[in-house]
1. Which members of the stretch 75-108 meet the condition of being farther than 23 Å from Phe172 by Cα and in a strand (DSSP E or B)?
2. Within the set of pairs 6+ apart or on separate chains, which have a first residue in the stretch 114-129 that is at positive phi, a second that is at pLDDT 95 or above and surrounded by fewer than 18 Cβ atoms within 10 Å (Cβ to Cβ), and C-beta atoms under 8 Å apart?
3. For the stretch 97-113, which positions are on the phi > 0 side of the Ramachandran plot and surrounded by 15 or more Cβ atoms within 10 Å (Cβ to Cβ)?
4. Just one of (1) more than 21 Å from the chain's Cα centre (by Cα); (2) in contact (Cβ under 8 Å) with a residue 60 or more places away in the chain trips up Lys64, so point out which.
5. Would you point out which residue out of Val118, Val110 is farther than 18 Å from Lys184 by Cα and of a type in the set (Val, Ile, Thr)?
6. Just to be sure I understand, how many residues within the stretch 172-199 are at pLDDT below 95 and touching a helix residue (DSSP H, G or I) at 6+ places or on another chain (Cβ under 8 Å)?
7. Restricting the search to the stretch 130-147, which residues are hydrophobic (A, V, I, L, M, F, W, C) and under 25 Å from Thr69 (Cβ atoms)?
Amino acid sequence: MLKKSERWVASVSRSRKWSSIDAANRRIKMKAGIVKVAVLLSLLICVTYNAPVKSQELQDSDLKDVVITMKQENHCGCIDCCPTYSITISGDGTVKYEGIAAVSVIGKQVYSIQMDQVKELVSEFYKADFFSLKDKYTSIDNGDGTVSIIDHAAPVTISITIKDKKKSVYDFYGAPEKLKELEKKIYEISRVGLYVKRS
């Protein structure tokens, strides 16, 4: 049998052992908590930094130097079959149209849209993350070392100038859907269809 003093020493040893384990567990939990907080802060910073600018955050003064352009060319391989035209939209809502071929109205026209519509268009550019897009799209990567290309299309080039930043994107083939949607928005909001569509 263990003597009383030996039993006391054994009890103290077990107590110290469990205390050490508890302390180690607390340190592990504390480190895990710190890591979680760091990850959450990083995510919050990324979301805040990459959040698109909404139209209601834009003031009239922000539109002072805004210029949006869209140009469609004819690389369809035919004559007078693909609309060829360009528009320039200024921050004050002025729209300058030039019809070149295969459109309802040939020549230059000037008209206006509301400034709120210009704000909406600017918001759409940010929504599409326009400044992160490639400068041109002319093919599709098939993912197996080959690419798909086409010979004929009606390429569209759109651009925006805002707050000393300018970006232009050429869309011939293989552009992402968000760029296609942006092109549709410009077409709709600018009302250029009134001059382009032929009966």
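1. Hits for the stretch 75-108 are Ser90, Thr94, Val95, Lys96, Gly107, Lys108.
2. Filtered contacts from the stretch 114-129: Asp129/Lys178.
3. Within the stretch 97-113, just Ala102 meets the criteria.
4. The one condition Lys64 does not meet is (2).
5. Answer to the check: Val110.
6. 0
7. Step one: filter the stretch 130-147 for residues hydrophobic (A, V, I, L, M, F, W, C), giving 130-131, 133, 140, 147.
The answer is Phe130, Phe131, Leu133.
The values are calculated or read from the model by the stated rules, or taken from the named source; none is laboratory data. Because the structure is predicted, anything quoted here is derived from the model rather than measured. Because the Cβ atoms are built from the backbone with ideal geometry, glycine has one as well, and the counts that use them run over all protein chains shown.
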